[in-house]
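Report on the following structure.
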Amino acid sequence: MEYKNNILEQIGETPLIKINKINKGLKPQIFAKLESANPGGSVKDRIGYNMIIDAEKKGELKPGGTIIEATSGNTGIGLAITAAVKGFKTVFVVTDKVSAEKINYLKALGGEVIVVSNLVDPEDPEYYVNVAKRIHKETPNSIFAYQYSNPSNPEIHYKTTGPEIWRQTDGKITHFVSSIGTGGTISGTGRFLKEKNPEIKVIGADPLGSIFKHYKDTGELIKGTPYLVEGIGQDCLPKNVHFQYIDEIINVSDKTSFAAARRLTKEEGIFCGGSTGTIVHVTLELAKELTEDDIVVFVVCDTGERYLSKVHNIDWLKMNRMLDTEVVTLRDISDAKKVRGIEDIVSVKPEAKVKDVVQLINEKGFSNIPVMKGKKAMGCISENKLMRKLLENPELLDTSVMDVTEECFPTLDAKTELYEVKNILKDNSAILVSDFGLITDIITRYDLINFDSGK
Ligand SMILES: Cc1ncc(COP(=O)(O)O)c(C=O)c1O
């Protein structure tokens with residue numbers, strides 16, 4: 001008889017699949033590391049298994065214990081598979097961005113699922129990680145797996161994913177492309193590959209709106225803005241992102257990621273989700289600069305079955321203006337601006353003084369500054385009007401910004417079409433962009449002119 005003793009023995013040793021069509025005209029050989037071939041359909045089966053085994057070895061997880069995790073779904077599935085085999089209970093905290101398929105999958109594996117809002121800041125007690133920590137404190141005989149800083153996460157990629165790719169490419173790999181969510185995949189695999197050959201380049205694929213690329217390039221932490229691709233990018237820095245093993249990070253918009261995921265599926269028959277699309281786009285862009293001697297390996301993070309109601313659903317794509325044939329929207333203008341590297345909204349808090357705004361106007365050269373409480377706009381300050389007021393009454397400098405704050409610029413949804421944006425900017429010097437119910441950007445006439453001229 002030939003069999004495995006349980007489903008856990010099926011984790012890892014995923015195949016490399018040669019890419020043959022979407023790379024037409026490009027010189028290097030490109031291979032997909034098919035992590036969707038794991039029993040739970042994602043790269044996270046590896047870490048789910050390892051985090052539980054390590055917690056058992058350390059004596060932190062005892063028989064009958066409960067595993068708690070904050071997850072975008074896949075890690076939950078990975079943990080739930082190992083927990084099912086080993087008889088542990090599981091509780092998962094997910095945000096309302098996570099697809100219904102993943103939530104039902106977790107429940108099918110016996111997990112308890114708690115859904116919280118995606119629209120809260122990491123400092124908020126209702127942030128999904130904070131909720132998971134609270135449940136862990138309240139649950140006796142439980143562990144909080146915490147994939148973001150748990151060393152068992154990058155370690156399993158160092159011990160398995162990296163060596164597999166090295167062996168499968170006969171040590172010839174020159175470039176490794178991965179997304180960055182917790183950082184486990186890129187940090188562990190990247191470390192192993194670079195230890196074998198420091199010349200191997202490790203490239204991170206990051207959604208527009210995430211903070212990783214900006215941090216890698218500048219060392220500066222900015223506030224992230226929401227995006228639709230699931231599981232990757234962050235609005236804070238997880239401990240498991242080891243930037244020393246990452247050579248470069250490239251930003252990709254939601255629309256481009258979804259288009260690439262659909263191409264990999266349609267043309268190569270490799271059914272994948274949005275985060276793989278982000279990686280595929282970066283891989284193809286990178287390959288344009290490479291030669292016949294280069295061998296690129298990218299990660300297929302999970303299966304497209306998990307996104308049948310989203311990335312692979314035309315109605316959902318249309319509703320979110322995510323098809324290439326769609327009209328241009330305010331989100332496209334905002335994304336184009338972010339690609340140029342301007343990522344954070346320049347704003348002041350309601351507690352600021354007028355002199356702080358004047359300093360900001362001097363430093364940044366912006367003439368329209370919103371007053372923001374968190375991601376909600378309280379009003380706006382225009383340089384023109386403020387200067388007129390200050391000429392009449394210089395003592396205003398020491399008063400609160402709220403004394404000189406005027407009604408806000410119009411707020412438009414990110415899905416608003418270009419022609420409407422143009423009309424509104426005829427009568428207003430700027431507009432605020434509202435996406436997922438939060439203010440995510442400020443667009444001026446200058447931004448629109450730059451967008452029209454393709455800058
Ligand atoms: C769908 C998906 N893709 C990619 C990743 C990124 O993997 P890592 O956390 O190892 O950086 C995740 C992580 O949560 C994910 O859920």
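Read the figures in this text as sums done on the coordinates, not as results from a lab. Fair warning: this is a prediction, and the values are worked out from it, not measured in the lab. When we count neighbours, we look across all protein chains shown, and the Cβ atoms used for this are built from the backbone with ideal geometry, even at glycine.
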Kindly put Glu267, Glu392, Glu155 in sequence by how many other C-beta atoms sit within 10 Å of each C-beta, fewest to most.
Glu392, Glu267, Glu155
Counting alpha carbon pairs within less than 8 Å and at least 6 residues apart, what relative contact order, in whole percent, applies to region 199-324?
23
Proxy exposure order for Cys380, Cys236 (fewest C-beta within 10 Å first) is Cys236, Cys380
Global size of region 44-144 as Cα Rg and Dmax, reported in angstrom
12.8, 37
Find the all-direction average of the projected area of the Cα convex hull for region 330-452, expressing the result in square nanometres with one decimal place.
7.3
Zone residues, region 158-195, relative to Asp293, backbone N less than 18 Å from point 7 Å out along Cα-to-Cβ
170-176
Are any of the pairs Lys375/Lys422; Lys376/Lys426; Lys137/Lys375; Lys349/Lys376; Lys21/Lys44 more than 21 Å apart by Cα-Cα distance, and if so, which?
Lys375/Lys422; Lys376/Lys426; Lys137/Lys375; Lys21/Lys44
With +1 on each Lys and Arg Cβ and -1 on each Asp and Glu Cβ, how big is the dipole of the chain about its Cα centre, in debye rounded to the nearest 20?
680
Roughly how compact is region 242-364, stated as its Cα Rg over 2.2 N^0.38 Å to two decimals?
1.41
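Given a Förster distance of 22 angstrom, what is the FRET efficiency for Lys223 paired with Cys408, based on the Cβ-Cβ distance and rounded to 0.05?
0.70
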May I have the convex hull volume per residue, in Å³, for the Cα set of the chain?
160
Neighbour-count ranking [beta-carbon atoms within 10 angstrom, fewest first] of Ile77, Ile439, Ile200
Ile439, Ile200, Ile77
Could you give the alpha-carbon Rg of region 161-261 over 2.2 N^0.38 Å, rounded to two decimals?
1.08
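Mind giving me the FRET efficiency for Ile424 and Leu308? R0 is 35 Å, r the Cβ-Cβ distance, nearest 0.05 is fine.
E between Ile424 and Leu308, to the nearest 0.05, is 0.45.
Taking Cα pairs under 8 Å and at least six residues apart, what relative contact order does the chain come out at, in percent?
13
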Would you kindly state how much longer the chain becomes between Met378 and Lys355 on full extension, computed as 0.36 nm times their sequence separation minus their alpha carbon distance, in nm to one decimal?
6.5 nm
